[in-house]
Amino acid sequence: MMTFEEKIKTFEKYLKEAKNVVFFGGAGVSVPSGIPDFRSATGIYHRKTGTHFSAERIVSNSFFYSYPDLFDEFYYKNMVYVDAKPNSCHLKLAELEKRGKLKAVVTQNIDGLHQLAGSKNVFELHGTIHRSHCIKCHSLHNLEETLKEPKGKCKKCGAHLKPDVVLFEEPLDNATIIGAINALSHADTLIVGGTSLVVQPAASFIYHFKGKRLIVVNKTPIDSLLFHTKETLIFVDDIERFFKALNLDDI
């Protein structure tokens, strides 16, 4: 069994030889930046809401339209982290893109930290906190405008702003799906990081990967049929520790 250091060296070799790398990530990528995940014991979906509704019920399309004030109270308290900064994972992925190795980031996260780190080609499967639209006049608002008092209200007509995130009961954006699948299907190397691969349909997207080498980095063990059909390198480790150890000097 290889040591952590040996695995890192092997991964660096994979990157050096790769022509088209894609990163597929989940909530665990942003945990080192102070943003909680959703499904762990301390995750957002296990938080008390102060109501008889569960967190998962609150972040649904029907709940937003039925109880917009309760939605806003939970959403802006638990899902918007304006002070979060990119960590070593975001930063090194952006550097890999700058060097022409990484062709795309496919993320389940809504925080925009990949773009803040400098990544350009990012497919946000679940949308972003950085855009909202008015449900009445349909005007568009960035996060800074949305957070101005009255928070979550349109500054033009006063109606509620709906965040451009994918809520329960909503489909993923079709153009984003097409872009993500296209990127995954053309990659020769895929990095899967910070995701338990349980959220569908996003988790199924990795099966569009037709390349040879697969690197998996997650804090807890995960498995997939795909892992057994590729040249797979698995790290059961903290994703920030992994990316901090990664040396890009010769890549």
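Computed from the coordinates by the stated procedures, all read-outs in this text should not be read as laboratory data. Since this is a predicted model, take the numbers as computed values, not measurements. Please note: Cβ atoms are built from the backbone with ideal geometry, for glycine as well, and neighbour counts cover all protein chains shown.
What shape does the stretch 203-251 take by its C-alpha gyration tensor, where a ≥ b ≥ c are the square roots of the eigenvalues and a/c under 1.5 counts as rounded, a/b above b/c as prolate, and the rest as oblate? Working shown, then result.
Numbers: a/c = 2.39, a/b = 1.43, b/c = 1.67.
Oblate.
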Summed residue charge, Cβ within 9 Å of A159's Cβ, Lys/Arg positive, Asp/Glu negative: +3
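Based on the Kirkwood radius over alpha-carbon pairs, what value in µm²/s does the Stokes-Einstein equation return for the translational diffusion coefficient of the stretch 1-159 at 37 °C and 0.692 mPa s?
Working: Rh = 17.8 Å.
Answer, rounded: 184 µm²/s.
Can you check what the Kirkwood hydrodynamic radius comes to for the stretch 7-89, Cα pairs only, in Å to one decimal?
15.5 Å
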Along each principal axis, Cα extent of the stretch 126-242, largest first, Å: 55, 30, 23
Gaussian network model of the chain, Cα within-10 Å springs - most flexible of Y81, Y14, Y65: Y65
Highest-MSF residue in the chain out of V165, V82, V22 [GNM, Cα springs under 10 Å]: V82
Amide proton proximity set for V217, modelled H, under 5 Å, gap of 5+: V192, G193, G194, F235
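Could you sort 46-56, 151-161, 110-120 so that the peptide with the highest average Cβ count within 10 Å comes first and the rest follow in order? It would help to have the intermediate numbers written out before the result.
Numbers: 46-56: 13.0, 151-161: 16.4, 110-120: 20.1.
Packing proxy ranking, top to bottom: 110-120, 151-161, 46-56.
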Residue with peak Gaussian network fluctuation, the chain [Cα springs, cutoff 10 Å], from A183, A94, A203: A203
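Determine, for R241, R99, the number of other Cβ atoms within 10 Å of each Cβ, and report the residues in order from fewest to most.
Working: R241 16, R99 11.
Placing the least packed residue first, the sequence is R99, R241.
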